[in-house]
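Structure record follows, encoded as structure tokens.
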Amino acid sequence: MLLMILAGAAISILRLGPHYIDFRIVQSVADRLDIGSVHQKMSRAEIMEHFEKQFRVESIYTPVSQRVRVDRDREQTVLNIDYEVREHLFFDIDVVLSFNEVRIFE
């Protein structure tokens with residue numbers, strides 16, 4: 001019984017862990033944006049291009065548009081990292097992981 005519990009925990013960690021690592025990488029790409037120039041000097045396309053380049057460097061193969069959304073108005077730029085990942089664990093058990101972070105640049 002203990003062996004089954006340990007095996008289940010190991011499978012969960014091996015299947016879910018990489019998604020949390022990917023989310024942390026996406027957060028670090030957002031951290032690399034120059035806070036002072038995001039709203040004032042960068043266009044929406046330049047921000048998305050920054051993410052696309054960094055995703056290639058970090059080997060994240062999901063398109064940027066599925067993970068990051070940029071909303072702009074005159075006062076601020078809102079960077080919304082929001083996506084879900086469905087992962088099959090075992091038998092007929094699937095897990096949905098939801099990742100969300102909002103950053104506001106003024």
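One table, with the values for the structure above:
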read-out	value
Cα→Cβ-extended label distance, 7 Å offset, between residue 59 and residue 98, nm	3.1 nm
In the range 1-86, trypsin sites (Lys or Arg not before Pro) in a DSSP loop with at most 13 other beta-carbon atoms within 10 Å	32, 74
Chymotrypsin sites (Phe, Trp or Tyr not before Pro) within the range 20-56, DSSP loop, no more than 11 other Cβ atoms inside 10 Å	none
Burial ordering of 57, 38, fewest other beta-carbon atoms within 10 Å first	57, 38
Antiparallel bridges, percent of DSSP beta bridges restricted to the chain (to nearest 5)	100 percent
Crossing angle, helix 2-31 versus the chain [Cα axis fit, 0-90 degrees, rounded to tens]	10 degrees
Those GluC sites (Glu not before Pro) in the range 1-99 that DSSP places in a loop and that have at most 15 other beta carbons within 10 Å	75
All-pairs Cα distance distribution in the chain, expressed in whole percent, bin size 5 Å	2, 11, 20, 20, 14, 11, 8, 6, 4, 3, 1, 0, 0
Crossing angle, helix 44-58 versus the chain [Cα axis fit, 0-90 degrees, rounded to tens]	40 degrees
Alpha-carbon centroid distance for the pair the range 32-77 / the range 1-28, whole angstrom	28 Å
Residue order, fewest to most surrounding Cβ atoms within 10 angstrom, among 48, 1	1, 48
Percentage relative contact order, the range 2-105, counting C-alpha pairs under 8 Å, at least six apart	22 percent
Size of charge dipole - the range 2-105 - debye, nearest 20, with Cβ of Lys, Arg +1 and Asp, Glu -1, no other charges	220 debye
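Read-outs throughout are calculated quantities, based only on the coordinates presented, and are distinct from any laboratory measurement. Predicted model, so just to flag it, every value in this text is computed and none were measured. All Cβ positions, glycine included, derive from the backbone under ideal geometry; neighbour counts span all protein chains shown.
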